[in-house]
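Below: one structure, written as structure tokens.
Any read-out appearing in this document is the output of simple, stated calculations on the displayed coordinates, not a laboratory observation. Source: prediction; values computed, not measured. Here the Cβ positions follow ideal geometry from the backbone for every residue, glycine too, while neighbour counts run over all protein chains shown.
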């Protein structure tokens with residue numbers, strides 16, 4: 001399966017069950033509530049398709065105003081959506097009250113992003129108390145993998161104004 005092949009290069013293949021248990025039994029509500037407050041994803045038109053422990057899938061419809069000069073989805077837009085999917089996958093495993101922030105990531109752009117709709121898949125590779133290693137990808141509506149992300153997310157605690 002193409003999805004498994006793409007993610008297996010950077011993380012646990014998606015067909016294997018992830019061995020993660022959420023630290024917050026209300027993780028899905030928390031992820032969805034946080035996402036609803038994220039103005040950037042709202043501006044781009046991204047929506048949550050699926051939330052599971054250590055996994056979040058976002059959808060992004062194609063829009064002309066999100067393209068670069070050749071009519072493909074802009075690399076910055078791709079990066080923002082996959083980064084958010086990975087960040088929310090990490091948040092799904094964090095304890096109540098923790099917030100999530102990106103620490104670092106590497107983005108690989110594999111093909112021009114063209115299609116009517118895109119899926120950003122975020123998966124946790126390893127979840128720690130403070131740092132979480134993630135892998136993500138962007139797929140076209142035809143299933144083509146156009147971008148891969150490897151990164152690290154950080155749990156942020158006890159900071160005024162920052163909470164899930």
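Okay, here's what the table says:
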item	result
Choice from 149, 121, 44 with maximal GNM fluctuation in the chain (Cα, 10 Å cutoff)	44
Point-to-point label distance, residue 47-residue 106, nm (Cα→Cβ direction, 7 Å offset)	3.5
Inter-site label distance for residue 116 and residue 95 at 7 Å from Cα along Cβ, in nm	4.7
C-alpha long axis of helix 27-36 to longest principal axis of the chain, angle in °	50
Mean-position separation - Cα centroids, segment 82-117 and segment 131-160, in angstrom	3
GNM result for the chain, Cα springs below 10 Å: residue of 98, 90, 59 fluctuating most strongly	98
Kirkwood hydrodynamic radius (C-alpha pairs) into Stokes-Einstein, the chain, 4 °C and 1.567 mPa s, D in µm²/s	83
Net length gained if the chain between residue 38 and residue 159 were fully extended (0.36 nm per residue, minus Cα distance)	41.7 nm
Nearest 10 degrees, 0 to 90: helix 75-91 Cα axis against the chain principal axis	30
For 74, 42, order by how many other beta-carbon atoms lie within 10 Å, fewest first	42, 74
